[in-house]
Amino acid sequence: MLTTFKATAKKLPEGLQVETESRGFKIYMDEPEDLGGTNAAMNPVEALLCALGACQTIVASAFAEANDFSFEEFHVELEGDLDPDGFLGLSDVRKGFQEIRFSMHFKTNESQEKAEQFADFIEKTCPVGDCLTNGVKLVKGAVVRY
């Protein structure tokens, strides 16, 4: 059974600032000054990295017990390579990330082998990672003037 998640994004008056909302929770985004923003918040591609790391962290926490894996602490470090010239229309280079790298860090008494197996499970189970790895169909709806 499919579950539909919904979100909205609304342009704010200042610079390139945007207010996003889903289920009553808000995240603000902007761009750095060198990309035309006011640097008031992270930009959407930084938020994408955060979403991937958050998803991996949630999977780790939600499925550790079922995988007979225990840890005291967990965090993910992520980085992605993007050439802003594509977004700015200065070249034909891809507009999005060319590569995203991440490292999972466990504070655990489990073996290295078991930690690597659980990390593989996290990577295979994370919905955000699945979207990034396999792509997702984007469907433009109506364009509404008001």
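Structural remarks
- Cα lying deepest toward the dipole's positive end in the chain, options Cys50, Phe97, Phe5, charges on Cβ: Phe5
- Along each principal axis, Cα extent of the range 26-75, largest first, Å: 48, 18, 15
- Site pair Ala9 and Leu138 shows an inter-label distance of 0.8 nm when each label is modelled 7 Å from Cα along Cα→Cβ.
- Whole-Å distance, taken between Cα centres, linking the range 109-138 and the range 39-76: 11 Å
- Taking the empirical scaling 2.2 N^0.38 Å for compact globular proteins as reference, the range 87-146 has a Cα radius of gyration ratio of 1.78.
- Of every Cα-Cα pair in the chain, the percent that sits beyond 21 Å: 57 percent
- Pairwise centroid distance, computed over Cα atoms, of the range 82-100 with the range 6-21, Å: 22 Å
- Its Cα centre serving as origin, the range 1-105 has a Cβ charge dipole (Lys and Arg +1, Asp and Glu -1) of approximately 640 debye.
- Total formal charge among the other residues, if their Cβ is under 13 angstrom from that of Ser70, Lys/Arg +1 and Asp/Glu -1: -3
- Result for the chain in a Gaussian network model with C-alpha springs under 10 Å: among Pro84, Pro13, Pro127, the largest mean-square fluctuation is at Pro13.
- Extended-chain gain in nm, criterion 0.36 nm per residue less alpha-carbon gap, Asp120 and Asn39: 25.6 nm
Every number here is computed from the coordinates shown, using simple stated rules; none is lab data. Predicted model only: the values in this text are computed from it and were never measured. Ideal geometry is used to build each Cβ from the backbone, glycine not excepted, and the neighbour counts take in all protein chains shown.
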